[in-house]
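The values are calculated or read from the model by the stated rules, or taken from the named source; none is laboratory data. A quick note: this is a predicted structure, and the numbers were derived from the prediction, not measured. Neighbour counts are summed over all protein chains in view; Cβ atoms, including those assigned to glycine, are modelled from backbone coordinates with ideal geometry. We work out accessible area using only protein heavy atoms, side chains counted, and drop any ligands, DNA or RNA first. Shrake-Rupley method; radii C 1.70, N 1.55, O 1.52, S 1.80 Å.
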Amino acid sequence: MASQPVRPVSKLLVLGCGWAFPVERKSTSDDGPSPLAMSADDASVHDAIEIILSTRKGERVMRPEFGCDLGGLLFSPNDAATRATAAFETREALRIWEPRIELLDVRVSAGGDRGEMLLIEVDYRVRSTDNRYNLVYPFYLDRALV
């Protein structure tokens, strides 16, 4: 029996499918058990970006380096230095943890009535589909003001 030649792994990154974020049950009309809502293709990339940005480094026991260091900005003043730090941390986290995208731009602006949040705008392109997206991630500097 001849063995099959080993095919090289394609450099094209597969988008995949997984649980939707946040994890929730899929709505169904019957009274039976409801499966979890799933996220696939470009939506899974969007969900992954939100997971990366909302996870503080050290929060995951088995992978403490995963996430974004935005948590260190809690209670910081909403000034140019804080916004520049948030943009840097966002770029670095997405560069390391989301290889399926090309990061086009990250902009951070003040948000909220009293400047209590940062609006982190992420422009990205999904490498395998060439689709471009924009995600706005709100990061609250001081939850007491909300």
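What to note about this one:
- From the options LEU141, LEU94, LEU119, LEU104, residue that is in contact with a strand residue (DSSP E or B) (Cβ under 9 Å, 6 or more places away or on another chain) and either among the charged types (D, E, K, R) or over 26 Å from ASP41 (Cα atoms) (or both): LEU141
- Matching residues in the range 43-83 - criterion: being among the acidic types (Asp, Glu), in contact (Cβ under 8 Å) with a residue 24 or more places away in the chain and over 19 Å from MET117 (Cβ atoms): ASP47
- Filter result for ALA43 (surrounded by fewer than 18 Cβ atoms within 10 Å (Cβ to Cβ), aliphatic (A, V, I, L, M), modelled with pLDDT under 95 and not in a loop (DSSP other than H, G, I, E, B)): yes
- Residues that are part of a loop (DSSP other than H, G, I, E, B), farther than 21 Å from ASP69 by Cβ and among the β-branched types (Val, Ile, Thr) are absent from the range 120-127.
- Among the residues of the range 131-146, those that are over 18 Å from the mean Cα position of the chain (by Cα) and surrounded by fewer than 18 Cβ atoms within 10 Å (Cβ to Cβ) comprise ASP142, ARG143, ALA144, LEU145, VAL146.
- In the range 86-100, the residues that are closer than 23 Å to GLU116 by Cβ and open to solvent by less than 60 Å² (accessible area, probe 1.4 Å): ALA86, ALA87, GLU89, THR90, ALA93
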